[in-house]
Amino acid sequence: MLMVFTGNGKGKTTAAMGVALRAAGQGLKTLMIQFIKGSWHYGELDSAPMLGGAFEIRPMGRGFVKVGTEKPDPEDVRLVAEAWNAAVEAMLADTYDMLILDEVNYAIHYGMLSIDRVLTDLAARPERLHVICTGRNAHPRLIEAADLVSEIKEIKHPFHKGILAQRGIDY
Ligand code: ATP
Ligand code: MG
């Protein structure tokens with residue numbers, strides 16, 4: 001299965017982690033590669049090892065990406081390329097049952113990763129490997145290729161009334 005969790009509401013990454021939690025109970029092994037995260041210490045980095053090797057998380061970003069400029073920062077492009085190489089390596093190694101590409105949609109959307117490359121590599125993955133791509137603005141061609149696509153729509157977010165990220169909910 002190729003799954004995509006997109007949309008501008010909160011819950012894309014946590015939905016993917018929910019699937020990993022469920023899969024662990026079924027004896028499946030998940031790797032989550034985080035394309036953007038890298039600086040903050042998220043709770044899941046400590047809880048994943050509690051599943052005894054069934055859920056591995058690899059933060060490979062630097063926590064944020066500079067946007068607004070015309071071209072993406074070369075350092076961000078380099079980190080994204082590294083993360084994608086790690087994803088391909090994991091696909092070829094065939095040691096995982098599920099691969100979560102957290103915020104990969106974001107990297108594609110901002111032109112840091114080519115959609116052609118993503119689709120070609122995903123098409124060549126082992127048949128048994130489930131993949132979940134998260135992040136806003138999922139590319140139309142990724143949506144087309146996917147078996148399951150869910151869009152999380154924001155109805156309300158506490159951020160808009162000035163409430164900052166909450167421990168255990170956002171990190
Ligand atoms: P989560 O990791 O909590 O499942 P997410 O993956 O859906 O969230 P991202 O776009 O990755 O959302 O953003 C992660 C952070 O931004 C989280 O702290 C989240 O609470 C916050 N966030 C998500 N959606 C919104 C929103 N619509 N407005 C403000 N902040 C948001
Ligand atoms: Mg996310």
Counting only residues in the stretch 117-136 that are surrounded by 11 or more Cβ atoms within 10 Å (Cβ to Cβ), in a loop (DSSP other than H, G, I, E, B) and of a type outside the set (D, E, K, R), the one nearest to ligand 2 (Cβ to nearest atom) is identified as Gly135
Subset of the stretch 1-42, residues more than 14 Å from ligand 2 (Cβ to nearest atom) and in a loop (DSSP other than H, G, I, E, B), comes to Met1, Gln26, Gly27, Leu28, Lys29, Ser39, His41
Pairs returned, first residue in the stretch 150-171 that is touching a residue at least 40 places away in the same chain (Cβ under 8 Å) and more than 9 Å from ligand 1 (Cβ to nearest atom), second residue that is outside any helix (DSSP H, G or I) and among the polar types (S, T, N, Q), beta-carbon separation under 9 angstrom, 6 or more apart or interchain, are Ser150/Thr6; Glu151/Thr6; Glu151/Asn8; Lys153/Asn8
For the stretch 121-141, pairs from a residue that is closer than 16 Å to Met3 by Cβ and of a type in the set (Ser, Thr, Tyr) to a residue that is at pLDDT 95 or above and part of a helix (DSSP H, G or I), with Cβ under 8 Å and 6 or more apart or across chains, are Thr134/Lys12; Thr134/Thr13; Thr134/Ala15; Thr134/Ala16; Thr134/Val104; Thr134/Asn105
Q) Can you spot a residue in the stretch 46-68 that is part of a loop (DSSP other than H, G, I, E, B), surrounded by 15 or more Cβ atoms within 10 Å (Cβ to Cβ), out of contact with any Ser or Thr (no Cβ under 8 Å at 6 or more places or on another chain) and among the β-branched types (Val, Ile, Thr)? A) yes
With the condition kept exactly as written, say whether any residue in the stretch 53-63 is within 16 Å of ligand 1 (Cβ to nearest atom), among the aromatic types (Phe, Trp, Tyr), more than 18 Å from Asn105 (Cβ to Cβ) and at pLDDT 90 or above. yes
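Out of the stretch 47-105, which residues are β-branched (Val, Ile, Thr) and farther than 22 Å from Arg128 by Cβ? Explain how you work it out, then say what you get.
First, the residues of the stretch 47-105 that are β-branched (Val, Ile, Thr): 57, 65, 67, 69, 77, 80, 88, 95, 100, 104.
Selection gives Val65, Val67, Thr69, Val77, Val80.
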Pairs returned, first residue in the stretch 86-115 that is under 18 Å from Gly27 (Cα atoms) and among the hydrophobic types (A, V, I, L, M, F, W, C), second residue that is more than 14 Å from ligand 2 (Cβ to nearest atom) and part of a helix (DSSP H, G or I), beta-carbon separation under 6 angstrom, 6 or more apart or interchain, are Met98/Ala23; Leu99/Ala90
The condition from (1) crowded, with 19+ Cβ neighbours inside 10 Å; (2) part of a helix (DSSP H, G or I) that Ile100 misses is numbered (2)
Those residues of the stretch 137-162 which are surrounded by 10 or more Cβ atoms within 10 Å (Cβ to Cβ) and either among the basic types (Lys, Arg) or assigned to a loop (DSSP other than H, G, I, E, B) (or both) amount to Asn137, Ala138, His139, Arg141, Ala146, Asp147, Ile152, Glu154, His157
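How many residues does the stretch 1-42 contain that are small (Gly, Ala, Ser) and over 16 Å from the mean Cα position of the chain (by Cα)?
Going through the stretch 1-42, the residues small (Gly, Ala, Ser) turn out to be 7, 9, 11, 15-16, 18, 20, 23-25, 27, 38-39.
Now narrow it down to the ones that are over 16 Å from the mean Cα position of the chain (by Cα): 23-25, 27.
Of the residues in the stretch 1-42, 4 are small (Gly, Ala, Ser) and over 16 Å from the mean Cα position of the chain (by Cα).
The values are calculated or read from the model by the stated rules, or taken from the named source; none is laboratory data. Small disclaimer: the values here were computed from a predicted structure and weren't measured. Please note: Cβ atoms are built from the backbone with ideal geometry, for glycine as well, and neighbour counts cover all protein chains shown.
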